[in-house]
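Below is one structure; the comments refer to it alone.
The values are calculated or read from the model by the stated rules, or taken from the named source; none is laboratory data. Because the structure is predicted, anything quoted here is derived from the model rather than measured. Ideal geometry is used to build each Cβ from the backbone, glycine not excepted, and the neighbour counts take in all protein chains shown. SASA here: full protein model, heavy atoms, side chains in, ligands and nucleic acids out. Shrake-Rupley method; radii C 1.70, N 1.55, O 1.52, S 1.80 Å.
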Amino acid sequence: MTYIPVVEEQRFLMRHVVRIDELAAHEAFATASPDVVDAILQGAGDLAAGEFAPLNRAGDTEGAKWTPAGVRMPDGFRAAYRAYVEGGWGTLATAPEHGGQGLPFSLATAVLEDLGTANMGFSLIMMLTPGAVEALTVHGTEEQQRTWLPKLVTGEWNGTMNLTEPQAGSDVGALRTQATPAGDGSWRIKGTKIFITFGDHDLTDNIVHLVLARTPDAPAGTRGISLFLVPKMRLDGTPNDVRCVSVEHKMGIHASPTCVLSYGDNDDCHGWLIGAEHGGMRAMFTMMNNARLNVGLQGVSIAERATQQAVAYARERIQSARAGAASREPVAIIEHPDVRRMLLRMKALTMAARALIYYAAGQGDRAHLGDGDAQARLDLLTPLAKAYGTDVGCEVTSLGVQVHGGMGFIEETGAAQHYRDARIAPIYEGTNGIQAADLVGRKLGLGGGSVLAALLADIRAEAGGEGALMALVDAVEHVAGSMAAVDVDDRLAGSYPLLTMLSVAVGGWLLARQAKATESDGETDPAFLAMKRAAARFYLDRMVPEATGLAAGAMAGASGLYEVTPESFAA
Ligand SMILES: Cc1cc2nc3c(=O)[nH]c(=O)nc-3n(C[C@H](O)[C@H](O)[C@H](O)COP(=O)(O)OP(=O)(O)OC[C@H]3O[C@@H](n4cnc5c(N)ncnc54)[C@H](O)[C@@H]3O)c2cc1C
């Protein structure tokens, strides 16, 4: 099973979608020169292909294992993780004052994409730690930053994110973990968290858990939640009172230990408050927004892997003569138009979702430079990036199985692993349904609707010649405008179709931009440019109209559920 890093594609996106030259013109990102960007993209691809990809199968078949002494990773993972830490890959986008290289987040996004394409389950540890770093950078005290950041930034320690409890999934406000003051400035933590990614493992000497908990007499719901830093090992080298009691048996991403963590069995679990008491959701959202883009990126990563594998298989598998051809000789299945349709759809979806996420990451970089409009646009795009990216991951990996025919259903080809691995991404980090609710509940109304209006205006200004795309933009505007006037049930019933429509509009816009750029890009391989143009056209001509067709469902609102009530399903 081969994996080839998509360095050419990433370079192209850095130039035309992120527009990294604009970022590098600012002093804060001056180090992101074309040479440095190239070297990082090449180096990350080498690391991913050389160290991570060869472990993908063992990660799936052996997986992380619970033992009484702690969770053990399969052979080879420790060495690969060491290569990541020693190569300084974890430090890319962190500010220099905290030991990082201060490079754009969009560049770190490309690096993480490679690691995820090579080994999605493993890449989760590399994905979550930067979120913990950011939460501490924004909300931690100077002392907390001095104490915990240096080793988190390098990846010598990893960070986890602890929200979920058995009764508190999407409804985070229902969590019950308790934090009581210990009298010495620290807190005692007690409770059970479930589904904690990389909550225990043997890759690092310490694990820094960021845990949401309730302080005594805290108000009910999300308003009463605070965030605590709870290390696995205390600074004096003694173990803290937190234990991994089991690892879940899952459908995919077996290389990622999904842990049940028990805090304070002996009433001796030490934690430290991060940010203000009852300010936990705000602090955790710093980590979650970062993670939402990165989970969307996982969809792209796994879609890329599935596409590469399907193309390779379709070139080799011989089956049937070409319809209408004089020769009755069987041909490689890639000769059959319906197989090429599937492959092109896989390519186009992956490219569109990648462009959406890289663009959003570039907005994050501009926000970092103080651009408030970019921050607002990133806020609007975050639920799209998470949900559309992960939906694309599922559709493309499913098509990947289909291209393989019966062999796709057989584990040895690996196509099935991609399909199983991809399936978690629409669920965690706020289900895609919750992303759609966020879009219609909070994001459409940002700036009184002006943030959405500005985005649609940019699409019209740049891609006005694309008729199908303009029809979709009109439809988005119409649906979003109507939603302001309907009740909340109607809005929520139409939220998911609208999310997809807007995502496809942004993806189509950025592909149209890239197709245009192919005409004047002298630096890139002509075969790459031709494929880019073909995939962009396929998306704009075939897939954009599919999205416009979702308008009827988005507008139907709750009545579009045909008065089906919870009770109806008992019939
Ligand atoms: C492999 C894995 C790794 C994970 N890693 C972590 C981690 O590191 N840290 C962590 O804290 N958690 C983690 N999680 C938990 C994950 O974030 C939750 O599973 C997810 O948020 C959904 O919660 P739930 O499972 O309770 O589903 P539920 O909340 O029970 O949702 C079930 C269904 O109902 C829908 N639904 C629920 N409420 C609403 C609503 N208000 N509006 C519309 N639809 C709704 C959902 O969209 C979903 O389709 C992980 C989970 C898994 C499986």
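Counting only protein heavy atoms, what percent of the accessible surface of the range 38-184 is carbon or sulfur at a 1.4 Å probe?
For the range 38-184, the apolar C and S fraction of the accessible surface comes to 50 percent.
Hey, can you rank 524-537, 410-423 by average C-beta count inside 10 Å, highest first?
Packing proxy ranking, top to bottom: 410-423, 524-537.
Which whole-number percentage describes the relative contact order of the chain, with Cα contacts under 8 Å and a sequence gap of 6 or more?
Details: 1059 pairs, mean separation 73.1, N = 571.
Relative contact order here is 13 percent.
Under unit Cβ charges (Lys, Arg +1; Asp, Glu -1), what dipole magnitude, rounded to 20 debye, does the range 151-276 have relative to its Cα centre? Intermediate values should be presented prior to the final figure.
On the way: 11 positive and 14 negative charges, 63 e Å.
Rounded to the nearest 20 debye, it is 300 debye.
Measuring from centroid to centroid over Cα atoms, what is the spacing of the range 75-103 and the range 516-540 in Å?
What the calculation gives is 33 Å, centre to centre.
Taking the Cβ of VAL17 as the centre, find all other residues whose Cβ is under 9 Å away and add up their charges (Lys, Arg: +1; Asp, Glu: -1).
Working: positive: ARG15, ARG19, ARG354, ARG513; negative: none.
Net charge in that neighbourhood comes out at +4.
What percentage of the solvent-accessible surface of the range 390-441, computed with a 1.4 Å probe over protein heavy atoms, is contributed by carbon and sulfur atoms? Let's see the in-between values first.
Values: 1160 of 1860 Å².
Roughly 62 percent, rounded to a whole number.
Quote the charge dipole size of the chain about the Cα centre in Debye, to the nearest 20; the model charges only the Cβ of Lys and Arg (+1) and of Asp and Glu (-1). Intermediate results must be reported in sequence, preceding the final value.
Details: 47 positive and 66 negative charges, 173 e Å.
Roughly 840 debye, rounded to the nearest 20.
Please give the net charge around ARG57, taking every other residue with its beta carbon less than 11 angstrom from that of ARG57, where Lys and Arg add +1 and Asp and Glu add -1.
Details: positive: none; negative: ASP60, GLU62, GLU411, GLU412.
Local charge sum for ARG57: -4.
How compact is the range 373-432 by the rule of thumb for globular proteins, expressed as Cα Rg over 2.2 N^0.38 Å? Kindly include the intermediate steps, with their values, before the conclusion.
Details: Rg = 14.8 Å, N = 60, 2.2 N^0.38 = 10.4 Å.
After normalising by residue count via 2.2 N^0.38 Å, the value is 1.42.
Radius of gyration and Dmax for the chain's Cα atoms, expressed in Å?
Gyration radius and largest Cα-Cα distance of the chain: 23.7, 87 Å.
Roughly what angle does helix 280-316 make with the longest principal axis of the chain, taking Cα atoms, 0 to 90 degrees, to the nearest 10?
Approximately 40 degrees, to the nearest 10.
Could you give the C-alpha radius of gyration of the range 1-136 expressed as a fraction of 2.2 N^0.38 Å, taking N as the number of residues it contains?
Relative to the rule-of-thumb radius for its length, the range 1-136 sits at 1.12.
Rank-order 345-354, 484-493 by packing density, defined as the average count of other C-beta atoms within 10 Å over each peptide's residues, highest first.
Values: 345-354: 26.5, 484-493: 14.8.
The peptides rank, most packed first, as 345-354, 484-493.
If the cut-off is 29 Å between C-alpha atoms, which lysines fall inside it for LYS151, apart from same-chain ones fewer than 8 positions away?
Partners found: LYS65, LYS190, LYS193, LYS232, LYS386.
In Å, what Rg and Dmax follow from the Cα atoms of the range 326-474?
Using the Cα atoms of the range 326-474, the pair Rg, Dmax is 19.4, 65 Å.
Net charge around ALA468, counting only other residues with Cβ within less than 13 Å of its Cβ (Lys, Arg = +1; Asp, Glu = -1)? Could you put the intermediate results ahead of the total?
Numbers: positive: ARG537, ARG542; negative: GLU466, ASP474, ASP541, GLU546.
Local net charge: -2.
Write down the radius of gyration of the range 94-182 and its Dmax, each obtained from C-alpha positions, in Å.
Radius of gyration, then largest Cα-Cα span, for the range 94-182: 15.4, 45 Å.
Any chance you could give the angle, 0 to 90 degrees and rounded to 10, that helix 337-368 forms with the longest Cα principal axis of the chain?
The angle comes out at about 50 degrees.
Take the alpha-carbon centre of the range 419-440, take the same for the range 302-358, and report the distance between them in whole Å.
Centre-to-centre distance over Cα atoms comes out at 27 Å.
If you average the alpha carbon positions of the range 30-45 and of the range 371-415, how far apart do those two centres end up, in angstrom?
Computed from Cα coordinates, the inter-centre distance equals 26 Å.
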